[in-house]
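Engineer: Structure provided below as structure tokens; questions to follow.
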There are 2 protein chains.
Amino acid sequence: METSIATVCISGPLSAKLHAIAAAGFDGIELFEPDLIAAPESPEEIRALAARLGLRIDLYQPLRDVEGVSEEEFARVLHRADAKFALMQRLGVGTVLACSNVATAVTDDLDVSAAQLRRLGELAAGRGIRIAFEALAWGRHIDDYRTAWEVVRRADHPAVGVCLDSFHILSRRTPLEGITEIPGDRIFFVQLADAPALSLDVLSWSRHHRLFPGEGAFELADLTRRVLDAGYRGPLSLEVFNDTFRQTDPVRTAAQARRSLRWLEDAVARIDPDVPDLQLLPDSAAPAGVAFVEIKGEDTSGFDRVLAAAGFTAHGRHRSKAVTLWTSGRARIVLNEERAAGLAPRIAAVGFDVDDADAVTRRLTALGVPRVDRRRLADEADLPGTIAPDGTEVYWSQAADAGDPEWAAEFGPVQRSAAHGVTRVDHVSLTQPWQVIDETRLFLSAAFALEPQGSTDVPGPAGLVQSHVFGSPDGAVRLPLNVAPPLSAEAGRDGGPVQHIAFACDDVIALARALADAGVAPLPVPANYYDDLAARFALPESTLDGLRAASVLYDADADGSYLHVYTRTIGGVFFEFVERRGHYDGYGPQNAAVRLTAQQRAADRFGA
Amino acid sequence: METSIATVCISGPLSAKLHAIAAAGFDGIELFEPDLIAAPESPEEIRALAARLGLRIDLYQPLRDVEGVSEEEFARVLHRADAKFALMQRLGVGTVLACSNVATAVTDDLDVSAAQLRRLGELAAGRGIRIAFEALAWGRHIDDYRTAWEVVRRADHPAVGVCLDSFHILSRRTPLEGITEIPGDRIFFVQLADAPALSLDVLSWSRHHRLFPGEGAFELADLTRRVLDAGYRGPLSLEVFNDTFRQTDPVRTAAQARRSLRWLEDAVARIDPDVPDLQLLPDSAAPAGVAFVEIKGEDTSGFDRVLAAAGFTAHGRHRSKAVTLWTSGRARIVLNEERAAGLAPRIAAVGFDVDDADAVTRRLTALGVPRVDRRRLADEADLPGTIAPDGTEVYWSQAADAGDPEWAAEFGPVQRSAAHGVTRVDHVSLTQPWQVIDETRLFLSAAFALEPQGSTDVPGPAGLVQSHVFGSPDGAVRLPLNVAPPLSAEAGRDGGPVQHIAFACDDVIALARALADAGVAPLPVPANYYDDLAARFALPESTLDGLRAASVLYDADADGSYLHVYTRTIGGVFFEFVERRGHYDGYGPQNAAVRLTAQQRAADRFGA
């Protein structure tokens, strides 16, 4: 499968884009005209640079408003096109994208458009150039790929074919059956973009919110399969207009883009194994659980106190390293003070239990996800790992059916005791910079089969926090990822936004009492909150009293109920203890706003 | 006119919100329930705090999903409502907002809704409380204020009335004629919000993008007039859900909100002078021109060189201050090195020529726009001034029919010479932090009658720059304000984003030559740009050669053409010289992208 990407997808001047695209392993580019116009390099220099980097220039784009126009206007179109065809010869590019008319069309007569495209095709053919005609979703008269193909069919010139763009097709829910009715050799180019489900006008949606495959809501695999079924064998090319990717580091964005195509190739191969030249990724299931969470900081002693009070067992500071393992049931927390001078505590790493660690390793390698150097958690065990888009290290290791993972042994004999009933990690909540959340989605889904499970806005006192939940189908791994409001994220607090680890336990009220008995105060919950609970739920007064006394929060839905308590924040991390009753599957969304306000109050009081 | 504001409009914990709202001069608040639930203060404490601050609690909000439900569900509604009514008695608030059902409605039978509202009204009346029923634009069955009124009419209970919310009415373009058909005393509450014109689903539009009156595209004055015509005499209250205002400083946002209501009061009084109790703002026309632009920095000598080369005359460094006035025609630039240690040059102030300086002063005072202390530009002249939302100082002074403004005299005798034909300031382009652009719109429009004239996205190498143009109807004042891409704005460059001053001149090619002769190099323009000009416009080869040789950019439309050249950036400021031919009214939008790329290249080369 040949791959290409439009230069408009990423930031920087044109030469930097080409370097980034080549480094990511693409075969070619679509050269976006404004990038060339603003570049100091001559067309010949760009051609030579692309050649040196091993990149084909697959497409020059776009020619706008070329058909359906008056004869007087068409004379201007020919003048403009001829200049661009001459330029393309200097660049050594053989195909130009022509978009359906949005501005100057005076007729919806397809025969006029076809005749004008044919004349353009004749002009292009004289210079060895082909025209790929594309229906924009907001074209004045031609806004459907089937109509574009009809015009191309009527133009009946070998230098005139169609360009299919997934956004223009899927955004308008155009039926896909027409794709395989187009002869493959008349499809001159294919552009792919994903997008989130938005109810926004299609022009704004397209210009600002496109995403790379696997980051949005479109069924791209099905469309791509049909294009290949039609016999198209040209490059699959990304054309993603996105306000964020226009700003972020081009090398990183290009790598993300290339990975999205690798994911797509696999997805297509899975729905249709007969399509030639597609490679599957190694199979890999979602993690079976959270093996450990590591907190790193100059001083993690505050966590020792909380974990001890919660019935965790310490497995000793390692003899040569300032690393401690705390366990309760299958919950494992690594506190790491190694090389953490000046660092406020934060979640540095998450480890997953997986059924086949080698398969995960092979899958990430095939996706081109960079591996971090293996490192020893304490002393002996080597763990394969990588770095998530938000900077958190992610490791994976073979899940043990019984007993603890191999790496745990280096901390000495580990018992599964759980003095106060903490059984495992329920969820890990990381804070995401707004500019990486889309990349994170592809990362978690393609690399770890952790899929998005919905998102919600939590109104905090410093702004809306967007909470995006990712997880495994069985609920064994749950990652609610929070995008903080930009202004407060920018301002920082304790060196970064707040993250947390939630532990599942059998009886959260008893646990909260145990914490209090050990002198670990919970995050205070206002009395008004419990008055509201009384209004919303038919809870017995004694139950309410029990919740209130222990500062435990409550939610319930048709599936069950959720009781949870928060600890105070240390550095950039706090803990939550949760008890899920019945099949409650959420996170108490209304309670999160109460927590954010209490945390802001605590931070203001105690300084931050 | 009584004013109120919902606590959800601004950031912070509840007590901070109350202080900010009181400081802005509001008469009352709508208490948003989640703000109370998350507050540590008891209802009695909140009541007492509001009383001490001189704020009424006009409304408690919201009760959701109260009507159109099954009898079983209605029992739960009554339980919930009764608890909230008791709470409202503790708070001392007499009216509650009930929204039309979005979640639990089982019938569209208006008689069922009316009967249930009546029973709620009976319960409320027992506690001295009134219910204001509001049609949400996305209500399941009741989504139109006229239907809400019909339900209230059928409920026929003195404790049940309607709440009108401008967003729900104007977002769906519901006809306004029905408003005056509602008896004024049955309108229990009125909520006002503006909004930008977006083609977004109405729920997302409402929850994230509402604006204060005067900042959006809604015709709020007409709606407000009708509400008052109907006989409503309760508070006009702001309910603005906005992702930005939830993050910004509450004191500043509340002041902005109060100002928006003052602006609205004036706008209503202007369309209907018969409405009682409304005060007009003092009349004030748009400025007649730009009196001066001040650049402040530790070292402004680089500008001396450019201005001298452009034919400006220096009026001497003031005898006691490091301040220089440069003039050419009516263009006046003040270079100020006073108290600017360590400051890279930036635009610190803009002065407007106005026809009636006292009227402007009175108008800003009435709007509650804070005045900055008068200061002397150099020595003698006192200038009234204020600070724009982006931090730029803005001054105004009486326009002189002939000769120069009074303050200019302190620099000595000023001649109107213009050695190279620079006649005046064409436009001033300031960079806006993204979080102030809405506030800026209200500021420029309400205070200075400078209205928005469209916006466009400029694709730069570091992201999209949103350019919002404001100006006077006659084009004498033009302010294209740019919102930089968040990531590059955050990173900063030379201490801040780049601003510029554009000068109008008679012959820009001659001027560019004069600059070059004086050793002032223009910002380089790539050859590819001129090749594209040749493709797009039928320009004679000699014209193209002239543009190319002088690094002058070109644009044309049906009204005329635009020739312009940029200087290199010094600190955070560059100059542009423009020649408008015919009635060209734009800014060469396609050229801005070329400029941004060239500027990035120059900054990378010379260090930044």
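Engineer: Just name the residue that is nearest to the other protein chains (Cβ to nearest Cβ) out of those in segment A:240-289 that are acidic (Asp, Glu), at negative phi and open to solvent by 10 Å² or more (accessible area, probe 1.4 Å).
Structural biologist: Quick first cut of segment A:240-289, residues acidic (Asp, Glu) only: A:243, A:249, A:265-266, A:272, A:274, A:277, A:283.
Narrowing the set further to residues that are at negative phi leaves A:243, A:249, A:265-266, A:272, A:274, A:283.
From what's left, open to solvent by 10 Å² or more (accessible area, probe 1.4 Å): A:243, A:249, A:265, A:272, A:274, A:283.
On the way: A:Asp243: 6, A:Asp249: 9, A:Glu265: 30, A:Asp272: 34, A:Asp274: 40, A:Asp283: 37 Å.
Per the criteria, the residue is A:Asp243.
Engineer: While we're looking at this one, here's another question. Where the second residue is of a type in the set (Ser, Thr, Tyr) and at pLDDT 95 or above and the first is assigned to a strand (DSSP E or B) and lies in segment B:332-347, which pairs have Cβ atoms under 6 Å and are six or more apart or on separate chains?
Structural biologist: Taking only residues 6 or more apart or on different chains, the pairs are B:Leu335/B:Thr300.
Engineer: Can I ask one more? Please state which one of A:Ala221, A:Ala286 is small (Gly, Ala, Ser), part of a loop (DSSP other than H, G, I, E, B) and touching a Leu at 6+ places or on another chain (Cβ under 8 Å).
Structural biologist: A:Ala286
Engineer: To continue, here is another question. Among the residues of segment B:587-596, are any assigned to a strand (DSSP E or B) and touching a residue at least 12 places away in the same chain (Cβ under 8 Å)? Show your work before the answer.
Structural biologist: Restricting attention to segment B:587-596, the residues satisfying the condition of being assigned to a strand (DSSP E or B) are none.
For segment B:587-596, residues assigned to a strand (DSSP E or B) and touching a residue at least 12 places away in the same chain (Cβ under 8 Å): absent.
Engineer: Away from every other protein chain (no Cβ under 14 Å), open to solvent by 50 Å² or more (accessible area, probe 1.4 Å) and farther than 25 Å from A:Ala603 by Cβ - does that describe any residue in segment A:523-539?
Structural biologist: Initially, segment A:523-539 is screened for residues away from every other protein chain (no Cβ under 14 Å), giving none.
The answer is no; no qualifying residue exists.
Engineer: If the requirement is being at pLDDT 95 or above and farther than 26 Å from A:Gly463 by Cβ, which of these qualifies: A:Ala527, A:Ala549, A:Ala538? Even if it seems obvious, please write down each step before you answer.
Structural biologist: On the way: A:Ala527 fails: farther than 26 Å from A:Gly463 by Cβ; A:Ala538 fails: at pLDDT 95 or above.
Just a single option satisfies the conditions, and that option is A:Ala549.
Engineer: Hey, another quick one. Name every residue in segment A:438-471 that is β-branched (Val, Ile, Thr), more than 14 Å from chain B (Cβ to nearest Cβ) and either surrounded by 23 or more Cβ atoms within 10 Å (Cβ to Cβ) or in contact with a helix residue (DSSP H, G or I) (Cβ under 7 Å, 6 or more places away or on another chain) (or both), in order of residue number.
Structural biologist: Residues of segment A:438-471 β-branched (Val, Ile, Thr): A:440, A:456, A:458, A:465, A:469.
From what is left, the residues that are more than 14 Å from chain B (Cβ to nearest Cβ) are A:440, A:469.
Once the filter is applied, which keeps residues that are β-branched (Val, Ile, Thr), more than 14 Å from chain B (Cβ to nearest Cβ) and either surrounded by 23 or more Cβ atoms within 10 Å (Cβ to Cβ) or in contact with a helix residue (DSSP H, G or I) (Cβ under 7 Å, 6 or more places away or on another chain) (or both), segment A:438-471 yields only A:Thr440.
Engineer: Kindly establish whether A:Asp143 is within 26 Å of A:Ser206 (Cα to Cα), open to solvent by less than 50 Å² (accessible area, probe 1.4 Å) and of a type outside the set (A, V, I, L, M, F, W, C). So that I can check it myself, show each step before the final result.
Structural biologist: Numbers: within 26 Å of A:Ser206 (Cα to Cα): yes; open to solvent by less than 50 Å² (accessible area, probe 1.4 Å): yes; of a type outside the set (A, V, I, L, M, F, W, C): yes.
Taking the combined requirement at face value, the residue satisfies it.
Table: residues versus (1) within 14 Å of another protein chain (Cβ to nearest Cβ); (2) touching a residue at least 12 places away in the same chain (Cβ under 8 Å); (3) surrounded by fewer than 16 Cβ atoms within 10 Å (Cβ to Cβ); (4) within 23 Å of B:Arg207 (Cβ to Cβ).
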{"residue": "A:Asp404", "(1), (2), (3), (4)": "no, yes, no, no"}
{"residue": "A:Ala408", "(1), (2), (3), (4)": "no, yes, no, no"}
{"residue": "A:Ala419", "(1), (2), (3), (4)": "no, yes, yes, no"}
{"residue": "A:Asn482", "(1), (2), (3), (4)": "no, yes, no, yes"}
{"residue": "A:Pro486", "(1), (2), (3), (4)": "yes, yes, no, yes"}
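Engineer: Sticking with this one: Filter the helices (runs of 4 or more DSSP H) completely within segment B:448-563 down to those with at least 3 residues that are over 26 Å from B:Leu343 (Cα atoms) and not small (Gly, Ala, Ser).
Structural biologist: On the way: elements: B:486-491, B:508-517, B:527-536, B:541-550.
The helices (runs of 4 or more DSSP H) meeting that bar are B:508-517, B:527-536, B:541-550.
Engineer: State all residues of segment A:1-44 that are aliphatic (A, V, I, L, M) and open to solvent by 10 Å² or more (accessible area, probe 1.4 Å); if no residue qualifies, say none.
Structural biologist: A:Met1, A:Ala16, A:Ala22, A:Ala23, A:Ala24, A:Ile37
Engineer: Taking the residues in segment B:144-159 that are of a type in the set (Gly, Ala, Ser) and over 37 Å from the mean Cα position of the chain (by Cα) as candidates, determine which candidate is farthest from B:Gly126 (Cα to Cα). I'd like the intermediate steps shown before the answer.
Structural biologist: So the first thing to find is which residues in segment B:144-159 are of a type in the set (Gly, Ala, Ser), and the list is B:148, B:155, B:159.
After this cut, where a residue has to be over 37 Å from the mean Cα position of the chain (by Cα) as well, the list is B:155, B:159.
Numbers: B:Ala155: 16, B:Ala159: 10 Å.
The residue in question is B:Ala155.
Engineer: Now a separate question. Would you tally the residues in segment B:306-328 being at positive phi and open to solvent by 10 Å² or more (accessible area, probe 1.4 Å)?
Structural biologist: First pass over segment B:306-328, keeping only residues at positive phi: B:311, B:316.
Next cut, open to solvent by 10 Å² or more (accessible area, probe 1.4 Å) only: B:316.
Number of matching residues: 1.
Engineer: I've got another one for you. Does segment B:564-608 hold any residues that are in contact with a Ser or Thr (Cβ under 9 Å, 6 or more places away or on another chain), within 20 Å of B:Gln453 (Cβ to Cβ) and within 14 Å of another protein chain (Cβ to nearest Cβ), and which are they?
Structural biologist: Selection gives B:Pro589, B:Ala592.
Engineer: Looking at segment B:496-507 only, could you name the residues that are closer than 28 Å to A:Leu14 by Cβ and away from chain A (no Cβ under 14 Å)? Outline the logic, then answer.
Structural biologist: Taking segment B:496-507 first, the residues closer than 28 Å to A:Leu14 by Cβ are B:496-500, B:502.
Of everything in segment B:496-507, those that are closer than 28 Å to A:Leu14 by Cβ and away from chain A (no Cβ under 14 Å) turn out to be B:Gly496, B:Val498, B:Gln499, B:His500, B:Ala502.
Engineer: Among the residues of segment A:204-218, is there at least one that is under 28 Å from A:Arg362 (Cβ atoms), surrounded by fewer than 20 Cβ atoms within 10 Å (Cβ to Cβ), in contact with a Ser or Thr (Cβ under 9 Å, 6 or more places away or on another chain) and hydrophobic (A, V, I, L, M, F, W, C)? Show your work before the answer.
Structural biologist: Our first condition is that a residue be under 28 Å from A:Arg362 (Cβ atoms); within segment A:204-218, this holds for A:211-216, A:218.
Those still in the list that are surrounded by fewer than 20 Cβ atoms within 10 Å (Cβ to Cβ) too: none.
No.
Engineer: Looking at segment A:272-298 only, could you name the residues that are without any contact (Cβ under 8 Å) to a residue 60 or more places away in the chain and charged (D, E, K, R)?
Structural biologist: A:Asp272, A:Asp274, A:Lys296, A:Glu298
Engineer: Same structure again: Residues in segment B:290-305 that are in contact with a strand residue (DSSP E or B) (Cβ under 6 Å, 6 or more places away or on another chain), of a type outside the set (Gly, Ala, Ser) and either open to solvent by 10 Å² or more (accessible area, probe 1.4 Å) or in a strand (DSSP E or B) (or both): how many?
Structural biologist: So in segment B:290-305, the residues in contact with a strand residue (DSSP E or B) (Cβ under 6 Å, 6 or more places away or on another chain) come out as B:290-296, B:300, B:302-303.
The next check asks that each one be of a type outside the set (Gly, Ala, Ser); those that pass are B:290, B:292-296, B:300, B:303.
Those still in the list that are either open to solvent by 10 Å² or more (accessible area, probe 1.4 Å) or in a strand (DSSP E or B) (or both) too: B:290, B:292-296.
Final tally of qualifying residues: 6.
Engineer: While we're on this one: Name the pairs: first residue in segment A:561-582 and outside the structural domain of A:Ile501 (by TED's automatic domain parsing) and over 15 Å from A:Val525 (Cβ atoms), second residue open to solvent by less than 10 Å² (accessible area, probe 1.4 Å) and hydrophobic (A, V, I, L, M, F, W, C), Cβ to Cβ under 7 Å, at least 6 apart or on different chains?
Structural biologist: Partner pairs satisfying both residue conditions: none exist.
Engineer: Next question, about the same structure. Could you say which residue among B:Asp426, B:Asp474 is away from every other protein chain (no Cβ under 14 Å), open to solvent by less than 40 Å² (accessible area, probe 1.4 Å) and of a type in the set (Asp, Glu)? Quick ask: steps written out before the conclusion?
Structural biologist: Working: B:Asp474 fails: open to solvent by less than 40 Å² (accessible area, probe 1.4 Å).
Among B:Asp426, B:Asp474, only B:Asp426 is away from every other protein chain (no Cβ under 14 Å), open to solvent by less than 40 Å² (accessible area, probe 1.4 Å) and of a type in the set (Asp, Glu).
Engineer: Do you know which of the residues in segment A:257-285 that are touching a strand residue (DSSP E or B) at 6+ places or on another chain (Cβ under 8 Å) and of a type in the set (A, V, I, L, M) is farthest from A:Leu223 (Cα to Cα)?
Structural biologist: Going through the qualifying residues, I end up with A:Ala285.
Engineer: Could you list, in sequence order, the residues of segment A:180-204 that are outside any loop (DSSP other than H, G, I, E, B), more than 14 Å from chain B (Cβ to nearest Cβ) and not polar (S, T, N, Q)?
Structural biologist: Keep residues of segment A:180-204 that are outside any loop (DSSP other than H, G, I, E, B), which gives A:180-181, A:184-192, A:194, A:200, A:202-204.
Subset that is more than 14 Å from chain B (Cβ to nearest Cβ): A:180-181, A:184-192, A:194.
Once the filter is applied, which keeps residues that are outside any loop (DSSP other than H, G, I, E, B), more than 14 Å from chain B (Cβ to nearest Cβ) and not polar (S, T, N, Q), segment A:180-204 yields A:Glu181, A:Gly184, A:Asp185, A:Arg186, A:Ile187, A:Phe188, A:Phe189, A:Val190, A:Leu192, A:Asp194.
Engineer: Please specify each residue of segment A:476-494 satisfying the condition of being among the small types (Gly, Ala, Ser) and at pLDDT 95 or above. Before you say what the answer is, go through the steps one by one.
Structural biologist: First pass over segment A:476-494, keeping only residues among the small types (Gly, Ala, Ser): A:476, A:484, A:488-489, A:491-492.
A:Ala476 - this is the single residue of segment A:476-494 that is among the small types (Gly, Ala, Ser) and at pLDDT 95 or above.
The values are calculated or read from the model by the stated rules, or taken from the named source; none is laboratory data. All of these numbers come straight from a predicted model, not from anything done at the bench. As a convention, Cβ positions derive from the backbone with ideal geometry for all residues, glycine included, and neighbour counts pool all protein chains shown. The accessibility values were calculated without ligands, DNA or RNA, using every heavy atom of the protein model including side chains. Shrake-Rupley method; radii C 1.70, N 1.55, O 1.52, S 1.80 Å.
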